[in-house]
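See below for the structure under consideration.
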Amino acid sequence: MRIVSLVPSLTELVCELGLAANLVGRTGFCVHPAEAVRAIPKVGGTKSVNLEKVRALEPTHVILNKDENLRETAEALAAFVPKLVVTHPLALEDNLPLYRQFGAAFGKEREAEALCARFEAAFKAAKDREYPQRKVLYLIWKDPWMTVSRNTYISRTLGVFGMTTVPDSADRYPELRELGGIETDLVLVSTEPYRFGEAHLPEIRQLAAKPALLIDGEMTSWYGPRAIAGLAYLAEFTVQASRA
């Protein structure tokens, strides 16, 4: 098998299943696990895939995601790649069929079931705890400001920990004209896809007139094996956020 992954979190899943040696291509955003991916050729970004570079790698499988990759990219790849592995998890629970999908696609059923067992234990531990109910504005971009709707993996993940995202919108990733005037208890400022850092927090607090905390975007938006670590991270983060 010769695998090209166009989804950062799923590159990590491929490696977790013991298939790092089969990875022949990745995006520039596929950075985990660092040691395993360092020498793997890059084929562009998630939405700017260099099709000729992919073709030259002669992949048997290309991994895609409906949110992260463009439909036209998938259609172009279908013309010369034997198997496209298309994914679209929308909630934490979707990690279980995702692991099994990869297990079946790559002959790693036993490894996939072991990962499912780890996820189920972490998910149960997270759900067995009680969390304060809070409204949160989750920022993913600046210029323009952008957030997430409730119909997203991120929002549903936060919901497990008592956090309801606002505003409610039909757009999955709505733009905001301004941060002021939104009825929220807390602003969560994600470290990805925009590279927000501590230096951005004073401006956001001033504009929103609300407390604002930096949150690890990988732990809220990455499915695959990082979702397991994310469950423990968010349980502790929620406790800290309750003091904000």
Reported set for the range 171-209 where residues are loosely packed, with under 14 Cβ neighbours inside 10 Å, closer than 23 Å to residue 219 by Cβ and not basic (Lys, Arg) is 197, 198, 199
Near pairs, Cβ below 7 angstrom, 6+ apart or cross-chain, from the range 223-244 (under 12 Å from residue 12 (Cα atoms)) to any residue that is part of a loop (DSSP other than H, G, I, E, B): 223/89
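Every residue, every condition in (1) buried (at least 20 other Cβ atoms within 10 Å of the Cβ); (2) without any contact (Cβ under 8 Å) to a residue 12 or more places away in the chain; (3) in contact with a strand residue (DSSP E or B) (Cβ under 7 Å, 6 or more places away or on another chain), yes or no:
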residue: 7; (1), (2), (3): yes, no, yes
residue: 30; (1), (2), (3): yes, no, yes
residue: 45; (1), (2), (3): no, no, no
residue: 49; (1), (2), (3): yes, no, no
residue: 52; (1), (2), (3): no, yes, no
residue: 76; (1), (2), (3): no, no, no
residue: 83; (1), (2), (3): no, no, yes
residue: 86; (1), (2), (3): no, no, yes
residue: 100; (1), (2), (3): no, no, no
Residue count for the range 30-84, restricted to those that are over 21 Å from the mean Cα position of the chain (by Cα), of a type in the set (Val, Ile, Thr) and part of a helix (DSSP H, G or I): 1
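Could you tell me which of the residues 105, 114 is surrounded by fewer than 21 Cβ atoms within 10 Å (Cβ to Cβ), touching a His at 6+ places or on another chain (Cβ under 9 Å), of a type in the set (A, V, I, L, M) and under 26 Å from residue 225 (Cβ atoms)?
Numbers: 114 fails: touching a His at 6+ places or on another chain (Cβ under 9 Å).
The unique qualifying residue is 105.
A short reminder: the numbers here are calculations on the coordinates, not readings from a lab. The model shown is predicted, which means the values in this text are computed figures rather than measured ones. Every residue, glycine among them, receives a Cβ derived from its backbone with ideal geometry; neighbour counts consider all protein chains shown.
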